[in-house]
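The structure appears below as structure tokens.
The values are calculated or read from the model by the stated rules, or taken from the named source; none is laboratory data. Model, not experiment: these values are computed from the prediction. Virtual Cβ from ideal backbone geometry, glycine too; neighbours counted across all protein chains shown.
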Amino acid sequence: MIAVSIGRGRHKMMIAEYKHLVEQGAELVELRVDYIVRAVNLKRLITDRPCPVIITCRREQDGGKWEKSEEERLMLLRSAIVEGVEYVDLEEDIAGSIPRFGKTKRIVSYHNFHETPKDIREIHERLKGLDPDIIKLATMAHNPRDNVRMLELIAESEVPTVAFCMGDMGTASRILAARFGSPFTYATFHHERALAPGQLSFNQMREIYHYDAITPNTEVYGVIADPIGHSMSPAVHNAAFRALKMDKLYIPIRVPREDLGDFMSYCRGFGLRGLSVTIPHKEAILDHVDSTDRAVDHIGAANTVVMDGFDKMAYNTDYRAALDSIDATLGRGGSVDVLAGRAAVVLGAGGVAKAIVHALKSRNVEVTIASRTFARAEELADKFDCKATEWKNRHNVRCDMVINCTPIGMHPLVNETPFEGRHLRRSMIVFDTVYNPERTLLIKQARDVDASVVTGVDMFVRQAALQFKLFTEQEAPEDVMREAIKKTIGAVKTVEADG
């Protein structure tokens, strides 16, 4: 179950959102009465309520907006209990002074907006002594392990416990709460009005993560990156799982570069069965797996990890996705290799560039690498026996393929391009690995001259489909995955327009 938090300044607006949520399928709503700017009329808020409510009145010191006296706040909470609301939220320091009455259930809560304390288990034990029906713990995550600590508390507690981490580092714990036995998790009415750091919206929790379908047996997969907010992999993989009616879940996990080794040592604490790996971990991940496939050995980078028992095996689906995308645009030409003998300039020297250079060399393409850091271009060129050039000279390279493996042109910097349009020709193949937006400035300019184009969405869907097969041993529903990424990109544009 999802408790949807509403914090509005006026009673009328709070009631309207409450009713709208119930129409959308909400089963539990938290009314944050500390947000109301005038005197709180509790009866107006809860009379004829269409679904159960949690009444919460949070002080500033606990992350709320209540500025009136503590005496008034306690009176308001007692009144909510007398009125018979389903739940009332009581912080640790006041729970002992507000006795149980009637059928109202007591949520005894602890919030820490600075850290996840080392003694969180001791704090949980203290809250158990305050006559709770539910214990709530919300702390700030500073590393991925904090999520596991909170999830373990949920699983081990005899008292129903809602425990999660705040901030973008804590998103995984909010989503996984159901799998570990939490009676509910929290979401916000709208993603632009989060009432706590890292809080997801009700629609995101339902439509992307299908929270209410998560069970203790749900298999967990995820993507690790830093930053993580831009990733569209959860929308794509979860749509595919849903389409094939699989009891599987795919989550985002923010893992800073310095935490990667530690994360890989305890990642099974999330229940993980497989991982997608992206910036900045595609190369470093190889130091933290048990085995690699042959392509990874040649490329020196991986974008997929499959966990089988205690073994972690790394794969690379980028290179095959790149070739399949190019072939789909050009056609294979029967027995003739349409790529052999072509000349390509590859922009960038990171993990995806390594995969694409490997792919091109396997098809006898003459490759020149241009990177904003020339030393990296030289290193990659030496590895694959190809050429390197200074970034400023990239337009002078003789080529009939331009492949962008940099983030230049990615949202929100959509007016930038890694290769000036005046150097593009109709005879070229232009391939941009950036997928948000799909129509980057580079792609638009290539289409203006009628060049053959491969978009980042083409490659993204294909590499995700290959990952899906590694995860599930089943063919991926590529049409569903393509529709999901296009819908997600469209949603980003809509938010910007509304803003």
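Okay, here's what the table says:
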read-out: Pairs with Cβ under 7 Å, 6+ apart, first in the range 167-180 and not assigned by TED's automatic domain parsing to the domain that holds residue 208, second surrounded by fewer than 24 Cβ atoms within 10 Å (Cβ to Cβ) and not β-branched (Val, Ile, Thr); value: none
read-out: In the range 147-166, residue farthest from residue 1 (Cα to Cα) [restricted to those that are in contact with a Gly (Cβ under 7 Å, 6 or more places away or on another chain), without any contact (Cβ under 8 Å) to a residue 60 or more places away in the chain and not small (Gly, Ala, Ser)]; value: 166
read-out: Among the residues listed as 470, 442, 413, 466, the single one being assigned to a loop (DSSP other than H, G, I, E, B) and not assigned by TED's automatic domain parsing to the domain that holds residue 250; value: 413
read-out: Pick from the range 52-63, criterion modelled with pLDDT of 95 or more and not in a strand (DSSP E or B), ranking: nearest to residue 27 (Cα to Cα); value: 52
read-out: Yes/no for residue 448 being modelled with pLDDT of 95 or more, closer than 27 Å to residue 221 by Cβ and of a type in the set (Asp, Glu); value: no
read-out: Test: residue in the range 304-319 that is farther than 30 Å from residue 178 by Cα, crowded, with 18+ Cβ neighbours inside 10 Å and of a type in the set (Asp, Glu); value: yes
read-out: Odd one out for residue 250 among (1) crowded, with 23+ Cβ neighbours inside 10 Å; (2) touching a Lys or Arg at 6+ places or on another chain (Cβ under 9 Å); (3) not in a helix (DSSP H, G or I); value: (2)
read-out: The range 142-169, subset small (Gly, Ala, Ser) and outside any helix (DSSP H, G or I), residue farthest from residue 128 (Cα to Cα); value: 167
read-out: Tally of residues being surrounded by fewer than 19 Cβ atoms within 10 Å (Cβ to Cβ), farther than 24 Å from residue 112 by Cβ and among the aliphatic types (A, V, I, L, M) across the range 62-102; value: 2
read-out: Output for the range 388-410, where each listed residue is crowded, with 16+ Cβ neighbours inside 10 Å and either of a type in the set (D, E, K, R) or not assigned by TED's automatic domain parsing to the domain that holds residue 368 (or both); value: 394, 400
read-out: Condition check for residue 48: acidic (Asp, Glu), part of a loop (DSSP other than H, G, I, E, B), out of contact with any helix residue (DSSP H, G or I) (no Cβ under 7 Å at 6 or more places or on another chain) and assigned by TED's automatic domain parsing to the domain that holds residue 203; value: yes
read-out: Verdict on residue 354 being part of a helix (DSSP H, G or I), without any contact (Cβ under 8 Å) to a residue 40 or more places away in the chain and touching a helix residue (DSSP H, G or I) at 6+ places or on another chain (Cβ under 7 Å); value: no
read-out: Qualifying positions in the range 366-383 - surrounded by 19 or more Cβ atoms within 10 Å (Cβ to Cβ) and of a type in the set (A, V, I, L, M, F, W, C); value: 367, 369, 370, 377, 380, 381
read-out: Exclusive hit being in contact with a helix residue (DSSP H, G or I) (Cβ under 6 Å, 6 or more places away or on another chain) and of a type in the set (Val, Ile, Thr), set 488, 440, 406, 472; value: 488
read-out: Identity of the residue in the range 170-200, part of a helix (DSSP H, G or I) and at pLDDT below 95, that ends up surrounded by the fewest Cβ atoms within 10 Å (Cβ to Cβ); value: 192
read-out: Set 322, 295: member being closer than 19 Å to residue 473 by Cβ, in contact (Cβ under 8 Å) with a residue 60 or more places away in the chain and buried (at least 18 other Cβ atoms within 10 Å of the Cβ); value: 295
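Okay, residues lined up against (1) modelled with pLDDT of 95 or more; (2) over 19 Å from residue 157 (Cα atoms); (3) touching a His at 6+ places or on another chain (Cβ under 9 Å); (4) not in a loop (DSSP other than H, G, I, E, B):
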position: 74; (1), (2), (3), (4): yes, yes, no, yes
position: 77; (1), (2), (3), (4): yes, yes, no, yes
position: 80; (1), (2), (3), (4): yes, yes, no, yes
position: 88; (1), (2), (3), (4): yes, yes, no, yes
position: 118; (1), (2), (3), (4): yes, no, no, no
position: 121; (1), (2), (3), (4): yes, no, no, yes
position: 126; (1), (2), (3), (4): yes, no, no, yes
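Rundown of residues vs (1) more than 19 Å from residue 430 (Cβ to Cβ); (2) touching a Ser or Thr at 6+ places or on another chain (Cβ under 8 Å); (3) assigned to a strand (DSSP E or B); (4) modelled with pLDDT of 95 or more, yes/no style:
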{"residue": "307", "(1), (2), (3), (4)": "yes, no, yes, yes"}
{"residue": "337", "(1), (2), (3), (4)": "yes, no, no, no"}
{"residue": "361", "(1), (2), (3), (4)": "yes, no, no, yes"}
{"residue": "375", "(1), (2), (3), (4)": "yes, no, no, yes"}
{"residue": "379", "(1), (2), (3), (4)": "yes, no, no, yes"}
